[in-house]
Amino acid sequence: MDIRKVQVTGGSSYVITLPKEWADAQHIRKNDPLGLVAQPDGTLLVTREITEGQFQREKKFDVSEIHEPTFLFRLLIGSYIAGYTTITIIAKTRLPAPVRMAVRDFAQMTIGPEVVEETDTTIILKDLLNPAEMPFENTIKRMYVIAKNMHLDALIALETRNRSLCDNVIARDNDVDRLHWLIARQTNIILKNASLARKMGQSTSKVVNTYMISRIIERIGDHAVRISENTQKMPGNSIEPELLATIRKASTLALSIFDKSIISFFNADMKGSHRNIEQVETLEALCEDINVLAMKRDPFVAVSLRYIAESIRRTGEYAGDISESVINYLVDERA
């Protein structure tokens, strides 16, 4: 750490010198303006970024060196999450159809990027979304509603053996993913852009905690998908009432834990979070009851039922993790 003493000039102004190595690295010259941003933890950030607009970053990919469209798609997602505002895809010859398809899929599965220019050898995507226009809280609410309804519909599909409803649940997972990617992107942008954090009224610790919760909700959506996939693998015969009632009871408890974890998050309720976590043990016992009852069925059916029980259990456990994250964040914030 470089320690520097504060000096007073003019009787009222506090002055501190900047490290020469840092100033040279930032190409700072005499009379250059610098931004000073007070952080929630009391530190002071010195930055060259003095505009309130979105920080512009550009990424280029030469598909002459990328031979798999799936790899290109993942690179595009990575660039989006990293916070690049302009992405250019170029080729020495005509862009092949699979590359154009990968770019189209990327634009459809993300919030903000749009194709603004396209030629035989080039595609340019620009992010048209202002991150400040999408508050984290609104995105978390949307993710929660989608993931919860995916789970509810997955259980209805299990009871009714409705394969088309299973397909619908699986398709909705893309909606959860794209919202999670948006939060991941905003998190990276805010960590690089202090002015945006101030504009959105978010501390870095809160942003990181919200990202963690977003990731957990995304996994809850994944388990709704797994319930639907295992339902589709099962034969068409019905499930006996006792087993079905136990599955319903476990599912209801898992979603109750999920509901209360989100409420605790928005209400900043540590005690509610603690009480919520205590319910996870009861859920685990119910899921074990499902496993015991499933073992009485045909082995092929039993395997799918045990996977379904596992996904219900994981849904509740992940919801409990949200409550743990709330407690961990609030303990630090209220220290």
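Please treat every number below as a calculation from the coordinates, not as lab data. Quick caveat, the model's predicted, so the values are computed rather than measured. All Cβ positions, glycine included, derive from the backbone under ideal geometry; neighbour counts span all protein chains shown.
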Open item on the list: Would you work out the Kirkwood radius for the chain? I mean one over the mean of 1/r across all pairs of different Cα atoms, in Å.
Closed with: 23.2 Å
TODO: First measure r as the distance between the Cβ atoms of Asp32 and Thr86, then evaluate 1/(1 + (r/R0)^6) with R0 = 25 Å and state the FRET efficiency to the nearest 0.05.
DONE: 0.45
Task: HN-Hα J in Hz across the range 67-81 - Karplus 6.51, -1.76, 1.60, θ = phi - 60°, x for Gly and Pro - done: 9, 10, x, 5, 5, 4, 4, 5, 5, 5, 4, x, 5, 4, 5
- [ ] Kindly give Rg over Rh for the range 254-335, based on alpha-carbon atoms, with the Kirkwood expression for the hydrodynamic radius.
- [x] 1.15
Open item on the list: What whole-number distance in Å separates the alpha-carbon centres of the range 57-78 and the range 102-159?
Closed with: 19 Å
Open item on the list: From the P(r) of the range 7-47, could you give the percentage of C-alpha pairs in the tail past 13 Å?
Closed with: 67 percent
Task: Computed [θ] at 222 nm, deg cm²/dmol, the chain (DSSP H ≥ 4; -39,500 (n - 2.57); rounded to nearest 500) - done: -21500 deg cm²/dmol
Open item on the list: With every atom except the alpha carbons ignored, what do you get for Rg and Dmax of the range 58-129, in angstroms?
Closed with: 10.8, 31
Open item on the list: If you take every DSSP beta bridge fully contained in the chain, what fraction is antiparallel? Give it as a percent rounded to 5.
Closed with: 75 percent
Task: Distance in nm between pseudo-label sites at Thr160 and Val292 (7 Å out along the Cβ direction from Cα) - done: 3.2 nm
- [ ] Would you mind checking Lys126/Lys233; Lys141/Lys249; Lys60/Lys192; Lys148/Lys271; Lys60/Lys206; Lys59/Lys199 for any pair whose Cα atoms are more than 30 angstrom apart?
- [x] Lys126/Lys233; Lys60/Lys206
